[in-house]
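Before any comments, here is the structure.
The values are calculated or read from the model by the stated rules, or taken from the named source; none is laboratory data. Everything numeric here is computed off the predicted structure, so don't read it as measured data. Cβ placement follows ideal geometry from the backbone for every residue including glycine, while neighbour counts extend to all protein chains displayed.
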Amino acid sequence: MFSKTCEYAIRSLIFIAQQSKDGRRIGIKDIASGIDSPEYFIAKILQDLSRKGFVQSAKGPNGGFYMDTVNLEQSVADIVREIDGDKLFSGCGLGLKECSETHPCPIHNDFKHIRQEIKNMLENSKISMFVKNLDLKLTFLKQ
């Protein structure tokens, strides 16, 4: 459903939020290990997300990534839009360019409801909510 870049972005932001609750800053090696992803790929993704304000970073010996209260209230939909664009929320289920209400593809009418449910779920899914569920051991990021 998401690109690999988007999957890693979401997982890394959730991990950073959980690990930086107490004011700590998390380095790339720990993030990559914590979400089971390639270090170089995560570094590139986080550099971009930091520039765009989705995560905070600090340089130096006590540097690393962390999240502030504004970041914690970002929705997963915001992250998806930033990384993958709006296609998940508005695109054709069959990938057709001409698909629309007036010129629907074979699955258009069923898929538009599914697409709307996904959009609503991701809009209502905040990073802080995932951190809470991880802390309660209701969910996991890595086995």
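Numbers below:
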| item | result |
| --- | --- |
| Filter result (in contact (Cβ under 8 Å) with a residue 40 or more places away in the chain, farther than 15 Å from residue 5 by Cα and of a type in the set (Val, Ile, Thr)) within segment 24-52 | 26 |
| Those helices (runs of 4 or more DSSP H) lying entirely in segment 32-143 with at least 1 residues over 17 Å from residue 19 (Cα atoms) and of a type in the set (D, E, K, R) | 39-51, 76-84, 87-90, 108-124 |
| Segment 78-92: number of residues that are under 17 Å from residue 112 (Cα atoms) and of a type in the set (Lys, Arg) | 1 |
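Residue-by-condition table, conditions (1) of a type in the set (Lys, Arg); (2) farther than 17 Å from residue 14 by Cβ; (3) modelled with pLDDT under 95; (4) more than 17 Å from the chain's Cα centre (by Cα):
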| position | (1), (2), (3), (4) |
| --- | --- |
| 49 | no, no, no, no |
| 66 | no, no, no, no |
| 119 | yes, yes, no, no |
| 133 | no, no, yes, no |
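Residue-by-condition table, conditions (1) in contact (Cβ under 8 Å) with a residue 60 or more places away in the chain; (2) crowded, with 16+ Cβ neighbours inside 10 Å; (3) in contact with a helix residue (DSSP H, G or I) (Cβ under 6 Å, 6 or more places away or on another chain):
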position: 67; (1), (2), (3): yes, yes, yes
position: 81; (1), (2), (3): no, yes, no
position: 94; (1), (2), (3): no, no, no
position: 107; (1), (2), (3): no, no, no
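Okay, residues lined up against (1) touching a strand residue (DSSP E or B) at 6+ places or on another chain (Cβ under 8 Å); (2) within 18 Å of residue 123 (Cα to Cα); (3) exposed (fewer than 15 other Cβ atoms within 10 Å of the Cβ):
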{"site": "44", "(1), (2), (3)": "no, no, yes"}
{"site": "54", "(1), (2), (3)": "no, yes, no"}
{"site": "64", "(1), (2), (3)": "yes, no, no"}
{"site": "74", "(1), (2), (3)": "yes, yes, no"}
{"site": "90", "(1), (2), (3)": "no, yes, yes"}
